[in-house]
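These notes concern the structure reproduced below.
Throughout, read-outs are computed from the coordinates displayed, never taken from laboratory work. In this text the structure is predicted, and so the values were computed from the model without any measurement. Note that each Cβ is placed from the backbone with ideal geometry, even for glycine, and that neighbours are counted across all protein chains shown.
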Amino acid sequence: MANNYFDEEKFLEMLFEFQRTAVTKVNSEGKTITIIKNEYLEGKITEEVSKIVKAIIQVYRYYVFEPYEDCFQHGMEACFKNYLKFNPEKGTAFNYFSWIAKTSILNYTDRKKRHRNHADIEELTTHYYEDAQNFDFFLENLEDVLFRVIDENFLGKKRKKYLKIATVILEYIETTRKLVSKTDMYKSAKSWGISSSEIRSYIADMSPFIEEIYATAGN
């Protein structure tokens, strides 16, 4: 997903100033809440993050499965909760909030999946050629089965990490339209703060489900 609409340097200046001036405390439930904040900067940051969330919804066509505004609300809420948590060690702000938005919307649409039917193939592919249709539906099926396998078989921090890795791999495939090479994929994942050893651990833990993944994604 191109980020030529997002000024990383300008955004970071605002975000770091917002973090520096915010005053927080831990409430009785152990949650960190903001007591004092710069509402002007918060508004400007939110305006920039909304561009990322809107692009995520458009590029991955989540509006096909759930109302656009619902997807937007879930993506923005997830990003909003992480304004004070970002640090440069997590990678670029663009990648960080892109991942948060996509993971949130993916989880939302996955939870809602039992309450809806998938749109007909003609509805989903009106503007695509046949080869694009095949790839898009393969990627959609792969996305569904990967997140289901992770949700059903992993817990806690490992589940959260594997959801992130799956999201990054899916985005890599979506961008390249194929798996170019492990080295290239590892390099791409590194920009999201994911090491090659983490991906290898993910692959090893997912290997018992490989036949199910291939069978489901291929349908």
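Results, tabulated for the structure shown:
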{"read-out": "Restricting region 1-55 to trypsin sites (Lys or Arg not before Pro) in coil, as DSSP defines it, with at most 15 other Cβ within 10 Å", "value": "LYS31"}
{"read-out": "Directionally averaged projected area (convex hull, Cα atoms, region 1-117), nm²", "value": "8.3 nm²"}
{"read-out": "Using θ = phi - 60° and Karplus 6.51 cos²θ - 1.76 cosθ + 1.60, couplings along region 80-91 (whole Hz; Gly, Pro as x)", "value": "4, 5, 10, 4, 7, 8, 5, 9, x, 5, 7, x"}
{"read-out": "Gain on full stretching of the segment that runs from GLU13 to GLU77 - 0.36 nm per residue minus C-alpha separation", "value": "20.9 nm"}
{"read-out": "Cα-Cα over 26 Å, subset of LYS51/LYS157; LYS90/LYS158; LYS158/LYS190; LYS10/LYS157; LYS81/LYS158; LYS31/LYS157", "value": "LYS51/LYS157; LYS10/LYS157"}
{"read-out": "Virtual spin-label span in nm between LYS158 and VAL59, 7 Å along Cα→Cβ", "value": "3.0 nm"}
{"read-out": "Per DSSP, loop GluC sites (Glu not before Pro) in region 1-73 with at most 16 further Cβ within 10 Å", "value": "GLU29"}
